[in-house]
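Please read the structure below before turning to the comments.
Where a number appears in this text, it was derived from the coordinates with a stated rule and is not lab data. In this text the structure is predicted, and so the values were computed from the model without any measurement. Neighbour counts run over all protein chains shown; Cβ positions are idealised from the backbone, glycine included.
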Amino acid sequence: MSEKSFSKNMTNSKIISLLRTFSPVEIKAFESFLASRYFNKSKTLMLFFAIIQKQYPAFDPEQLAKPRVFEQLFPGQPFEDKKIRYLMSDLLKMGYKFLLIQDAEVEKVDNNLRLLEAFVDRRLEKHYDRLIKKIAPEIEVGQEAGVNHFDS
């Protein structure tokens, strides 16, 4: 592959390599993350992701050729590689932010589960009940699970 054609292809980019690691659920969650005006104020970036997302999980090199993607984003404008590279960089930064937030959520749940275990070990049923009510939606555990821990 020539250097010129390599630079026109996004499939070997950092953002595509990151997106390849996402499960279908994570791709949808990333889409929601990007749709949040709190995290992303760029409609162009959202459209850019939508174009890439259509190619998930195969990421067809032909469909993701930079000039082709550019034409979809900026119809009628002359191709500017720099604009696509900026979008790729911005999307990658958003991907990293998404991973950090996902990891923080997992860590929060893990910490709460450890705290629940500590409450069980110390037979702090009221503390356990209060926390399980608070976090049950996050971990999809019913209140009965807490009662069962103390019955043994």
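Exposure proxy shown here: for Lys134, Lys83, the number of other Cβ atoms within 10 Å sets the order, fewest to most, as Lys134, Lys83. For the chain, the longest principal axis of the alpha carbon atoms and the long axis of helix 125-139 meet at an angle near 20°.
Ordering Leu19, Phe119, Leu131 by the projection of their Cα atoms onto the charge dipole of the chain, which places +1 on the Cβ of Lys and Arg and -1 on the Cβ of Asp and Glu, puts Leu19 at the extreme positive end. Model label points for Glu80 and Tyr96, set 7 angstrom from Cα along the Cα-to-Cβ axis, are 2.4 nm apart.
For the chain, the relative contact order comes to 21 percent (Cα pairs under 8 Å, sequence separation of at least 6). Listed by Cβ neighbour count within 10 Å, with the fewest neighbours leading, Val25, Val69 appear as Val25, Val69.
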